[in-house]
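Since the structure comes first, as structure tokens, the remarks are kept for the end.
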Amino acid sequence: MSWDTANPHDRALGEPVQSFLFKRHRKLIKINEEIESSLSWRPTIYFEASEFSIIAADVKVTPFPESLMLTKTKIANAHLPITIYSICSEDAFLTREGQREANELKAHGMGLFTVSVDGVATKQFSGIPIINHIPVAEFDAYISGIPKGIASRINDAFDSYNSTPTVGVTAISDVLEGLVYDAIGAAIKKGWMTKSSATKMLAPALDDMAGTKEFKACAAAIGGARGFIKGYRNTANHNPRTRKAAYNKYVKCKQAFFAGIQAIDSFQAAMKSSGIRLK
Amino acid sequence: MAKLLSHQHLSLKQISPDVIQSNPDNPRLFFRPEEMEELEVSIQKIGIQVPVSVFEDINGNFVLIDGERRTRCARKLNLHTIPALVQKQPSPLQNLLLMSSIHALREKWDYLTIALNLEKILLLYGKEKGEKPNESTLSKDTGLSRGQIRRCMLLLNIPSHYRDELKIELEKKKSDQVITEDFFLEMEGALRAVNRRFPEYEESVDEIRDVLIKKRREGIIGAVTDFRKLTKIATSPENIGTERRTIKRALDQIFNSNNKSTIEDIYNETVQFAYAEKRIGVQVSAVTKFIDEALLIKVDSIDEELLAELKGLYFKLKKIFKD
């Protein structure tokens, strides 16, 4: 379809965003077309960012009207890796109500484009695939018992996750990895482990820890960290081959991120009980 | 109307919104995004409750008579089918009259939309029936009141660039519209009254319109009903005997873009008191007439409250004339 049959309002706001996205992605952008027959929504514009990832943007009167909330629910149930953007006028975004709605939109994992009166499109913030979205309240509940310093590092990983989920999973793995090497360093200082463990790859370094008698009581937490590394560490690097695989990968991102937080929490708590305080 | 459409046979079908074509004669020009959003939410929640109306043309295509917004929302929501009342292809005039009647009775179009539809109806009426319909026939066939038809005619008579300005305004949310249809309707009515009595303004009527639009945008014309005061100013020489040159001066002030006085200010300065005097004069005549009639009947048959009011008035008048 073309812009010819679109509402003038949709066209005035949709066309600048179409140009914006085309300049950056060089992909064929579809206008008012269905994504899948079973999905009861035709976004104003959409394109396949990668073989298994779809970016869709819908022109709205305000940043987050009721229709978009209903759409989000449908997409969450459709098992498709779709990232949703709202497109609204800059004027609507700049009102007090517009700001409130924009914050709500962001909290729901969706992105926002605004278009000025002279037709310039601006990306206000990015969205993530809806199936990856982790509500802030859920995240806060997960990190509530974790020491401040470590929680702050997890927060940074969450920021990365909210921009690109696979990068967020890598970031949470890095936090865990850092804590493991910090614990090994402390154990070396205490004379529990030898210096050679500090230079090993993560998996054998964890095996060394598991074999240390002072960490005997920490076996479950060390095993948890080892399991996380094995199961999720490379989520970001594996390209899915089918749409289903893509869906699984994206769902895995969310699971991986939560599993990472859990592994970190158990690990720091186990280390604390054995006399090593991690920050 | 019933006669015009008596041969129509309706059937209810489920049709894909993608195969429904827009009616080339549908004058609905404005799909305000706020209203589309409301409809979209409603359809998402409860579906399409009222079937759209279409006709099947000779090529088997379905063409919309009524339900453009519902069809657009259905496409947006990727609905596979929607309920549609299907009828045979009407003649071009029947087609327009059908659309007009549906919208006059149920879903109100903007006046400009109705006016543009009416313009086409008048043209086709002439072609099909050999004569233009009078206001009464037009009212019966379109379902519009005669007042609505007159308002439409006023909008049709404004120059096209003002219509374009109005079209831009009509795209906006109703609460954001400044130069509204009502503004044009009231302004045109007032300007007609001015031009009829002061033909010297006729030549510069577009410049006057520009000034009034500017003043509206600047907030100097606060309410569109201020134009009724402009009409009263223009008609005051014949109504209350104001001097023409006083009124000419007042009108010059209103039509001067540098003059920041409101129509109400100028009305109050020039004719407000005289109109109030005239109104009171009429009321005094009515009271006098009543008293004349009351003298013929017994005074004690007059309502007590009214009698008390009359007594109060008597003492006030007595005091005024004694002083």
Q | Student exercise, region B:15-156 dipole from Lys, Arg, Asp, Glu Cβ charges, in Debye to nearest 20 | A | 280 debye
Q: State, in square angstrom and to the nearest 100, the accessible area buried between chains B and A, both chains counted, probe radius 1.4 Å.
A: 1600 Å²
Q) For chain A, modelled as a GNM with alpha-carbon contacts under 10 angstrom, which of A:49, A:157, A:263 fluctuates the most? A) A:49
Q.
How high is the relative contact order of chain A? Use alpha-carbon pairs under 8 Å, at least six apart in sequence, and give a whole percent.
A. 15 percent
Q. If A:177, B:269 are ordered by their accessible area, calculated over protein heavy atoms with a 1.4 Å probe, which sequence runs from highest to lowest?
A. B:269, A:177
Q | Built amide H within the under 5 Å cut-off of residue B:65, gap 5+ | A | B:53, B:54, B:55
Q) Once phi is turned into θ = phi - 60°, what whole-Hz ³J(HN,Hα) does the Karplus curve with 6.51, -1.76 and 1.60 give for every residue of region B:209-222, x standing for Gly and Pro? A) 4, 4, 4, 5, 5, 4, 5, 5, 5, 7, x, 5, 9, x
Q | chain A: angle of helix A:219-232 to the longest principal axis, Cα-based, in degrees nearest 10 | A | 40 degrees
Q) With every protein chain left in place, what is the accessible area per residue of region A:90-215 in square angstrom, probe 1.4 Å? A) 47 Å²
Q | Backbone HN-Hα couplings from phi across region B:90-103 [Karplus 6.51/-1.76/1.60, Hz, Gly and Pro as x] | A | x, 6, x, 5, 4, 4, 5, 5, 4, 4, 5, 5, 4, 7
Q: Please name whichever of A:187, A:225, A:57 sits farthest to the positive end of the charge dipole of the protein assembly as shown, dipole taken about the Cα centre and charges placed at Cβ: Lys and Arg +1, Asp and Glu -1.
A: A:187
Q. If R0 is 51 Å, what FRET efficiency do you get for residue A:66 and residue B:310 from their C-beta distance, rounded to 0.05?
A. 0.25
**Q.** Amide proton proximity set for residue B:16, modelled H, under 5 Å, gap of 5+
**A.** B:82
**Q.** Solvent-accessible area of residue B:261 with every protein chain in place, 1.4 Å probe, in Å² to the nearest 10
**A.** 40 Å²
Q.
Counting only other chains, and only Cβ atoms inside 10 Å, what mean value do you get across the residues of B:35-42?
A. 4
**Q.** Residues whose placed amide H lies under 5 Å from that of residue A:124, excluding near-sequence neighbours
**A.** A:112, A:113, A:114
Q.
Please compute the average number of Cβ atoms from other chains found within 10 Å of each residue's Cβ in peptide B:75-81.
A. 6
Q: Note down the magnitude of the dipole of region B:282-322 about its Cα centre, charges +1 on Lys and Arg C-beta and -1 on Asp and Glu C-beta and zero elsewhere, to the nearest 20 debye.
A: 420 debye
Q.
With every protein chain left in place and a probe of 1.4 Å, what is the accessible surface of residue B:102, to the nearest 10 Å²?
A. 40 Å²
Q) Using a 1.4 angstrom probe and counting only protein chains, how large is the accessible area of residue A:3 in Å², to 10? A) 20 Å²
Q: Taking the Cα centre of the protein assembly as shown as origin, work out the dipole magnitude from +1 charges on Lys and Arg Cβ and -1 charges on Asp and Glu Cβ, in debye rounded to 20.
A: 2000 debye
Q | Nearest-ten-degree value, helix B:181-197 long axis tilted from longest Cα axis of chain B | A | 50 degrees
Q. Once you sort the root eigenvalues of the Cα gyration tensor of region B:282-322 as a ≥ b ≥ c, which label holds: rounded (a/c under 1.5), prolate (a/b larger than b/c) or oblate (the other case)?
A. oblate
Q: Kindly provide the trypsin sites (Lys or Arg not before Pro) of region B:242-313 that DSSP labels as loop, not H, G, I, E or B, and whose Cβ sees at most 16 other Cβ atoms within 10 Å.
A: B:260, B:298
Q | Solvent-accessible area, 1.4 Å probe, carbon plus sulfur percent, for region B:282-322 | A | 65 percent
Q | Under 13 Å, Cβ to Cβ, from residue A:201 - net charge with Lys/Arg +1 and Asp/Glu -1 | A | +1
Q. Can you pull the mean other chain C-beta count within 10 Å for peptide A:136-145?
A. 0
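The values are calculated or read from the model by the stated rules, or taken from the named source; none is laboratory data. Everything numeric here is computed off the predicted structure, so don't read it as measured data. Please note: Cβ atoms are built from the backbone with ideal geometry, for glycine as well, and neighbour counts cover all protein chains shown. Remember, those area values only see protein heavy atoms, side chains included, never the ligands or the DNA or RNA. Shrake-Rupley method; radii C 1.70, N 1.55, O 1.52, S 1.80 Å.
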